1. Given points 7 Å out from each Cα along the Cα-Cβ axis, report the residue 147 to residue 200 separation in nanometres with one decimal.
2. Using only Cα atoms, tell me the angle between helix 80-93 and the longest principal axis of the chain; keep it within 0 to 90° and round to the nearest 10.
3. How far is the Cα center of region 288-303 from the Cα center of region 38-92, in Å?
4. Between the helical axis of 292-302 and the dominant principal axis of the chain, each derived from Cα atoms, what acute angle in degrees is found, rounded to the nearest 10?
5. Taking the simple approach of a point 7 Å from Cα along Cα-to-Cβ for both residue 2 and residue 47, what is their distance in nm?
6. Whose amide H sits under 5 Å from the amide H of residue 12, counting only residues 5 or more places off or on another chain, with H placed in the peptide plane?
7. Using only the Cα atoms of region 160-303, what are the Rg and Dmax in Å?
8. Just for the Cα atoms in region 40-103, what are the lengths along the principal axes, largest first, rounded to whole Å?
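Any read-out appearing in this document is the output of simple, stated calculations on the displayed coordinates, not a laboratory observation. Values in this document were obtained by computation on a predicted structure and should not be read as measured data. A quick note on method: Cβ atoms are made from the backbone with ideal geometry, for glycine too, and the neighbour counts reach across all protein chains shown.
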Amino acid sequence: MQIAIMIEGQEDINWTRWKRIVRAVEDFGFQGLFRSDHFTNPSPLNQDALELWISLAWLADNTSRIEFGPLVSPVSFRDPMLTARQAAAVDDLAGGRLVLGLGAGWMVREHEMFGYDLLDLGPRFDRFEEALEVITRLLNSNDPVSFEGEYYHLRDAILLPRPQRPGGPPILIGGTGRNRTLPFVARYAREWNAVSTNLDEFRELNPYLDELLRAQGRDPKSVKRSMMTSVYFGRTETELRRHLEPEGLSPDALNPKKHFFGTPDRIREQLAAWEAAELERVMLRWRLVDDIDGLEALAKALL
């Protein structure tokens, strides 16, 4: 299983912290680094929130090994035509290491704060579907493309220069919804992220996605299976409890089928169970962004 790190880009991430954690993830041997794309937090706590695509462009030019990308970039405030251009350019700069995570948007507060229309759930997913169609066509077509939708319109549009990777960076879609999300994965994505699901649900949804992919004429193995979830790590039980206390948590309150928590041996056991269930990549959400020593200890324990 590939082990990557995920950070919340709106939780006091500035250039100093971003550069430090990028270098740490690259140097410590993690497979990748992913980050959220938000203006602020869901509740009234405003912290530094480094802009996504500028931060990824810096990462692309200052690393040589790790995969990276947004988990995920919402089309509710990101224009899909511009997102396709930015993603292709950053992927080329990185030599083909970007994973393009896309989503419909969900955080009410940031949309109200900056004047974006989140839309009700049904229209929101309709808009997301159109955005996926637009981005996919622009990344894949060497000829000009046209598209007439309710939300987006293209007329003889083409991305130049063409992406160096055929089809551009792989699209990742996160979520567990059977009605819209997983069918979108089957049609558009090359990676499905289960996003904080539990082990039992993953075991049910994984073969369901296989069926959807076969119905689209796609090989189930063509879509990577990944999950982003929190990690609570301590080299000792005492250190683990010290990390949990600020969040009002204890080891007894966590679900071993959903969260990764504990000392090294326990987390390795949890990872092994997910790997046996055919999870191919895990993005461990690291909230202690200033604890670089702890991140290094996690790498030594797991990699």
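1. With each label point 7 Å from Cα toward Cβ, the separation is 3.9 nm.
2. Once rounded, one gets 60 degrees.
3. Their Cα centres are 23 Å away from one another.
4. Taking Cα atoms only, the helix is inclined about 90 degrees.
5. 2.7 nm
6. Those qualifying (amide H under 5 Å, at least 5 residues apart or on another chain) are 47, 48.
7. Answer for region 160-303, Rg first and Dmax second: 17.5, 55 Å.
8. Over region 40-103, Cα extents along the principal axes are 39, 24, 14 Å.
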